[in-house]
Amino acid sequence: MCARYVPARWALLAALVVGLAASGAAQSPSAPAFDVEVVAQRARAASGAAAQVDVYTAVPHTSLRFLARAGGFEASYGLTVQAYEVDERGRRQRLAVSRTVEREVGAADYDETQSPDRQDRAVLALDVPPGRYAFAVSVEDGASRRTLSREVAHRVRDLGGAAVSLSDPLLLSAYDRAGGTSTPVVGSALSTEMDEFWVAYDLYAPAATALEVTYVVTEQSQDRERPSFGALLGLAPRQQADAGAPVAVTEALDVQAGRTPVAFRIATEGLQVGDYTLAVRLADAAGETVAEVDKPFSVRWTGLDSQIADLDQAIAQLRFLAREGELRAIQNAPTPEEQRRQFLAFWTERDPTPGTPRNESMEQYYFRVSSANDRYGRVRDSGWNTDRGEVFIRFGEPDSVEEHPFDYGTQPYQIWTYPSIGRRFIFVDETGSGDFQLLTKIWDDRTRM
């Protein structure tokens, strides 16, 4: 845990803490996450921009506060997308473009406002030049004024010029070619309940031509060892799966001049839970690659298992709960089978309802980990590995959060209070980039109320 102690700043903030009461300005970080997907394509000719970035969002109804209205319920929120240029180390530079829209959401009855399956979906288009960006997306609820924030790193490729090129692929959970309708997978996480998905993209060509497109899905852990496209296509399906590429398919494309929309169906039967990379390659009649683009995505179980698809990471995330010796023993287990057995034994010892299918302690812990990733993730760090993420995982939802983004003479900071355990934690954003660091260590006496 990286907590830094600066006496002068501590004195200043300590004085502020004494003088501040939890008021209506307090803001809870407990609202559920929302999903974001960033897709770059060639800009419209009339815009004069180099590229257009579409930012898709899916905000669950449970993230919003609905108010009763005649005939049902209504909610509203402000959706803001800011594109920051970033350097090679992922650090924010200047703000390139910002856009805000107001959204209104209706629900027929109360159950619809509380359904985790109901979402409000939106897409905002931004014109930006090619480059590396951090897209900061925030949702401010109209009734409660609570704000949810996400940040997504994305490289916008140069899609102009006379050469053949491809937009970023977009995954679809449903696609009706005849009706022209589709449902994007916002967040690029597929459910094991899906039998198929579609990959959609635009192909740009200066003249009509015949091309060959190859789709290869590779387990991310084997990206570097992936055989060549030609070698993969020469293997039987079982051999492709053994090579870590459960999908490798080629088909012919008749491409028109200008923009050609393309959609391709992929069955999920060969995909296990895990992380994957989809590669789309275009080749000419001579077999030479003329354009290629990659798309990372994941396959997740529905429910709790989605949080423990990666056992190594799930074990690493135990460091806020397990004793050092317990964690070391699990990590150093001689075989993967023994490691899994010790991991499950660790949680069996903490099961409050032994003999039942559920382990409530395990569920609570990994749902906190998942929530920390959604709320506090940065370009460089997963949310669980940040200071706010650690405090949230250890202690759960704070009773109140005081936001101080613009106080005179201080850097932006937050105060989280937990009266039930007599603790107060102060996080300071020293860089102004939203990277809040814990002012003093978790177990320091100065965190006591």
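Below, the figures for the structure above:
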read-out: Whichever residue in the stretch 374-390 is buried (at least 20 other Cβ atoms within 10 Å of the Cβ) and among the basic types (Lys, Arg) and, among such residues, is modelled with the lowest pLDDT; value: Arg375
read-out: Failed item in (1) surrounded by fewer than 21 Cβ atoms within 10 Å (Cβ to Cβ); (2) within 19 Å of Val293 (Cβ to Cβ), with Gly180 passing the rest; value: (2)
read-out: Sole exception among (1) among the small types (Gly, Ala, Ser); (2) touching a residue at least 12 places away in the same chain (Cβ under 8 Å); (3) closer than 23 Å to Arg150 by Cβ for Ser382, by number; value: (2)
read-out: Any hit, the stretch 354-373, residues being under 25 Å from Ile330 (Cα atoms), exposed (fewer than 14 other Cβ atoms within 10 Å of the Cβ) and of a type in the set (Val, Ile, Thr); value: yes
read-out: Listing of strands (runs of 3 or more DSSP E) fully contained in the stretch 135-227 that carry 1 or more residues being closer than 17 Å to Pro261 by Cβ; value: 170-176, 181-184, 196-205, 209-219
read-out: Selection within the stretch 246-272 - open to solvent by 40 Å² or more (accessible area, probe 1.4 Å), outside any loop (DSSP other than H, G, I, E, B) and without any contact (Cβ under 8 Å) to a residue 40 or more places away in the chain; value: Val249, Thr250, Glu251
read-out: Matching residues in the stretch 362-409 - criterion: being in a helix (DSSP H, G or I) and small (Gly, Ala, Ser); value: Ser370, Ser371, Ala372, Gly383, Gly389
read-out: Test for Ala333: is it open to solvent by less than 70 Å² (accessible area, probe 1.4 Å), at negative phi, modelled with pLDDT of 90 or more and assigned to a loop (DSSP other than H, G, I, E, B); value: yes
read-out: Number of positions in the stretch 273-300 that are open to solvent by 40 Å² or more (accessible area, probe 1.4 Å) and either more than 25 Å from Glu37 (Cβ to Cβ) or modelled with pLDDT of 90 or more (or both); value: 10
read-out: Restricting the stretch 160-170 to residues that are of a type in the set (A, V, I, L, M, F, W, C) and crowded, with 22+ Cβ neighbours inside 10 Å, the residue that is nearest to Phe297 (Cα to Cα); value: Leu170
read-out: Output for the stretch 391-421, where each listed residue is open to solvent by less than 20 Å² (accessible area, probe 1.4 Å), more than 19 Å from Thr147 (Cβ to Cβ) and either among the aliphatic types (A, V, I, L, M) or more than 23 Å from the chain's Cα centre (by Cα) (or both); value: Ile393, Tyr418
read-out: Count of the stretch 54-90 residues which are at pLDDT 95 or above, of a type in the set (Val, Ile, Thr) and over 17 Å from the mean Cα position of the chain (by Cα); value: 0
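The values are calculated or read from the model by the stated rules, or taken from the named source; none is laboratory data. The shown structure was predicted, so the numbers you read here are calculated from the model rather than taken from an experiment. Glycine gets a Cβ as well: all are built from the backbone with ideal geometry, and neighbour counts include every protein chain shown. The accessibility values were calculated without ligands, DNA or RNA, using every heavy atom of the protein model including side chains. Shrake-Rupley method; radii C 1.70, N 1.55, O 1.52, S 1.80 Å.
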